[in-house]
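Asks: For reference, the structure I am asking about is given below.
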Amino acid sequence: MKLYQNEISSATSRVRIALALKGLTAEALPVSILGEDAESRQAGYRSVNPQGLVPALLTDSGQLITQSLAIVEYLDEVQPEPPLLPDAAEGKAQARSIALAIAAEIHALLPPRIGLHLKAVFQADADAVAAWSRHWVGEGMAAVETMIAGRRNGAFAVGDRPGIADIFLFPQAISARRMGFDLARWPNIAEIVTKLETIPAFQQNAPAPRK
């Protein structure tokens, strides 16, 4: 397998964590994502992934899979152990709802292309873009905290083994902390992240800080 990735990308981090938990490896194909001239914005990479986003996984059979949730679930199907979803249907739905709350409602508003658009169309400076990001992270993580608190029944986000919900929660929480948020304001998230930081698959595959 080959993974088109960028080390600062929290979406890439999700896939790298899943690969590590599964004991799988993929050849890393770095794709730059910052700035107007980023590789992700160029025709060459758009011919690979029309969205111009990372990650994208090229399977052993030559099929390209985009979107981190689809990739993680693909890995869970081709390598069932350890499972990344709970056994019960309601647990599976709960885990996916947390993952999507992060991927679709928080992270979707934060990538570099969003900042570039805010600058180009609304003349937003760096402080304004940072304030935009902090707003959506704060609001979104508060909602995720409530989602977890209302139904938590184990050590992790959903149950007693780390899974898809944690794979999506961890990179976003690390990014939030780097933005200046004290995770203690979200006690369930803080407790879960503390546990996840002791697991090598998570600790070693957190998104790299922006330089």
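The values are calculated or read from the model by the stated rules, or taken from the named source; none is laboratory data. Please read all numbers here as calculations on a predicted model, not as lab measurements. Virtual Cβ from ideal backbone geometry, glycine too; neighbours counted across all protein chains shown. All accessible areas refer to the heavy atoms of the entire protein, side chains included, with ligands and DNA or RNA removed. Shrake-Rupley method; radii C 1.70, N 1.55, O 1.52, S 1.80 Å.
Asks: Only one residue in 124, 95, 120 is exposed (fewer than 14 other Cβ atoms within 10 Å of the Cβ) and either among the β-branched types (Val, Ile, Thr) or at pLDDT 95 or above (or both), so which one is that?
Replies: Within the list 124, 95, 120, the selection yields 120.
Asks: Would you mind listing the helices (runs of 4 or more DSSP H) fully within the range 140-211 where at least 1 residues are open to solvent by less than 30 Å² (accessible area, probe 1.4 Å), farther than 20 Å from residue 23 by Cβ and touching a residue at least 24 places away in the same chain (Cβ under 8 Å)?
Replies: 164-178, 187-196
Asks: Another question about this same structure. For the range 62-86, what are the residues that are within 25 Å of residue 8 (Cα to Cα), among the acidic types (Asp, Glu) and open to solvent by 30 Å² or more (accessible area, probe 1.4 Å)?
Replies: Result: 73, single match.
Asks: Show me the strands (runs of 3 or more DSSP E) found entirely inside the range 1-65 where at least 1 residues are under 20 Å from the mean Cα position of the chain (by Cα) and farther than 23 Å from residue 206 by Cβ.
Replies: Answer list for the range 1-65: 56-58.
Asks: List, please: which pairs have Cβ atoms under 8 Å, are six or more places apart or on different chains, and start with a residue in the range 80-93 that is closer than 14 Å to residue 165 by Cα and end with one that is open to solvent by 60 Å² or more (accessible area, probe 1.4 Å) and part of a loop (DSSP other than H, G, I, E, B)?
Replies: 83/161
So that you can scan it fast, the table gives a plain yes or no per residue for (1) basic (Lys, Arg); (2) open to solvent by less than 50 Å² (accessible area, probe 1.4 Å); (3) farther than 29 Å from residue 138 by Cβ:
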{"residue": "1", "(1), (2), (3)": "no, yes, yes"}
{"residue": "43", "(1), (2), (3)": "no, no, yes"}
{"residue": "60", "(1), (2), (3)": "no, no, yes"}
{"residue": "88", "(1), (2), (3)": "no, no, yes"}
{"residue": "112", "(1), (2), (3)": "no, yes, no"}
{"residue": "115", "(1), (2), (3)": "no, yes, no"}
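Asks: Within the set of pairs 6 or more residues apart or between chains, which connect a residue that is touching a residue at least 60 places away in the same chain (Cβ under 8 Å) inside the range 110-123 to a residue that is open to solvent by 30 Å² or more (accessible area, probe 1.4 Å) with Cβ atoms less than 6 Å apart?
Replies: Correct list of pairs: 112/34.
Asks: Let me ask you something else. Pull out all pairs, ordered by first then second residue, where Cβ-Cβ is under 7 Å, the residues are six or more apart or on different chains, the first lies in the range 60-73 and is within 17 Å of residue 45 (Cβ to Cβ), and the second is of a type in the set (Lys, Arg) and modelled with pLDDT of 95 or more.
Replies: Pairs found: 68/14.
Asks: Hey, can you tell me all the residues within the range 10-57 that are over 30 Å from residue 85 (Cβ atoms) and without any contact (Cβ under 8 Å) to a residue 12 or more places away in the chain?
Replies: 37, 39, 42, 43, 44, 46, 47
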